[in-house]
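The next block holds one structure in the form of structure tokens; read it before the comments.
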Amino acid sequence: MHIELQPLLLRGVIKEITEVGVRIGVNGRMGVLSLPLRCIYTDKPLELGQECEFYLSYVNVL
């Protein structure tokens, strides 16, 4: 099956910050995204409740 994947811009709020990563609550009841700190880039220190945005697309299983 071949589908052209187009990433969508999604927004969320930082719910948890640890020494190794963050958990982001995705807006629209889309769930929670857990990411290591190396995947986060910002000029500001991370704080709970900060809004963030990211691109996400469907997963293509090979």
Inset, instruction - Before anything else, pin down the relative contact order of the chain: Cα pairs under 8 Å, at least 6 apart, normalised by residue count, whole percent. - result: 41 percent
Legend entry - Peptide ranges 18-27, 44-53, 31-40 listed from the most packed, as the mean C-beta count within 10 angstrom indicates: 18-27, 31-40, 44-53
Inset, instruction - Send over a whole-number figure in Å² for the accessible area per residue of the stretch 1-51, probe 1.4 Å. - result: 89 Å²
Inset, instruction - List the equivalent ellipsoid semi-axes of the chain in whole Å, largest first, each obtained as the square root of 5λ for an eigenvalue λ of the Cα gyration tensor. - result: 25, 13, 11
Legend entry - Computed lengthening from Q50 to N27, 0.36 nm per intervening residue step minus Cα-Cα distance: 7.0 nm
Inset, instruction - Using a 1.4 Å probe over the heavy atoms of the protein chains, calculate the carbon and sulfur portion of the accessible area of the chain as a whole percent. - result: 55 percent
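The values are calculated or read from the model by the stated rules, or taken from the named source; none is laboratory data. Quick caveat, the model's predicted, so the values are computed rather than measured. Note: ideal-geometry Cβ built from the backbone for every residue, glycine included; neighbour counts use all protein chains shown. Heavy atoms of the whole protein, side chains included, go into the accessibility calculation; ligands, DNA and RNA do not. Shrake-Rupley method; radii C 1.70, N 1.55, O 1.52, S 1.80 Å.
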